[in-house]
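J.: Below is the structure I would like to discuss, written out as structure tokens.
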Amino acid sequence: MVTEHQVSMVSPAIVARPSVVCPYCECPAPLVRGKLIYPRWPDLWEKPFYMCIADRAWVGCHEGTAKPLGRLADSALRQAKQSVHSAFDPLWQAAHDAYEGAVSDRVYRIARHRAYAWLAAHLGIARDECHVGMFDVTTCTRAVDLIRTLAPTPKTIRAWAKARRGA
Ligand SMILES: [Zn+2]
């Protein structure tokens, strides 16, 4: 029985939550508050996460919703995803190297879109499946290897995107 007070504490988006399954044990992952996961980070205490306690695996939600950001990640996958972000994020965050003039938010969005398109093409996956949050450890490793081997930059990705459009 949920009291009126408890209901008022939870936003409608969170009440209408999707069912999320832990990819490791295939059990339903309940929605929990960040306080359970990050007791030292008060900023995260009220944020919703889907968590499997047995696997120490969790995933956050899109801001203001109960929509998970990807699949639940255990500590190995969390580390692997962090490695992808370290290798990948500079490919669009350093857009000022490749785009003349004042680099606006729009330019960063374009650079980011192109960097994801580049990564998707090289991983051989669809652009809309290319979200680090959805990657498993194998895909993370492949992504980092590709970036290290091919060493793209915002400049080469911009040229790649233009050549591809012209093809
Ligand atoms: Zn689990």
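Since every read-out is calculated from the coordinates, none of them should be taken as a lab result. Everything numeric here is computed off the predicted structure, so don't read it as measured data. We place every Cβ from the backbone using ideal geometry, glycine too, and count neighbours over all the protein chains shown.
J.: Over 5 Å intervals from 0, what percent of Cα-Cα pairs in the chain sits in each interval?
T.: 1, 8, 14, 16, 16, 14, 12, 9, 6, 3, 1, 1, 0
J.: Relative contact order of the range 76-166, please, whole-number percent, based on alpha carbon pairs below 8 angstrom and at least 6 residues apart.
T.: About 42 percent, as a whole number.
J.: Give the lysines whose C-alpha is closer than 30 Å to that of residue 35, dropping any in the same chain fewer than 8 places away, or say none.
T.: 47, 67, 81
J.: Normalised by the empirical 2.2 N^0.38 Å for globular proteins, what value does the Cα Rg of the range 47-106 take?
T.: Against the empirical 2.2 N^0.38 Å value, I get 1.54 for the range 47-106.
J.: Estimate the FRET efficiency between residue 47 and residue 78 by the formula 1/(1 + (r/R0)^6), using the beta-carbon distance for r and 22 Å for R0, to the nearest 0.05.
T.: The calculated FRET efficiency here is 0.85.
J.: Could you compute how fast the range 76-166 diffuses translationally, taking Rh as the Kirkwood radius over C-alpha pairs and applying Stokes-Einstein at 20 °C with viscosity 1.002 mPa s? Give it in µm² per second.
T.: 161
J.: Still on this model: At a 10 angstrom cut-off on C-beta neighbours, averaged per residue, how do the peptides 30-40, 99-109 rank from highest to lowest?
T.: 30-40, 99-109
J.: Could you give the length gained on full extension between residue 96 and residue 65, defined as 0.36 nm per residue of separation minus the Cα-Cα distance, in nm?
T.: 7.9 nm
J.: Follow-up. How big is the C-alpha Rg of the range 74-127 next to the rule-of-thumb value 2.2 N^0.38 Å, as a ratio?
T.: In units of the 2.2 N^0.38 Å rule of thumb, it is 1.30.
J.: Can you give the charge dipole size of the chain about its Cα centre, rounded to the nearest 20 debye, using +1 on the beta carbon of Lys and Arg and -1 on the beta carbon of Asp and Glu?
T.: My answer is approximately 500 debye.
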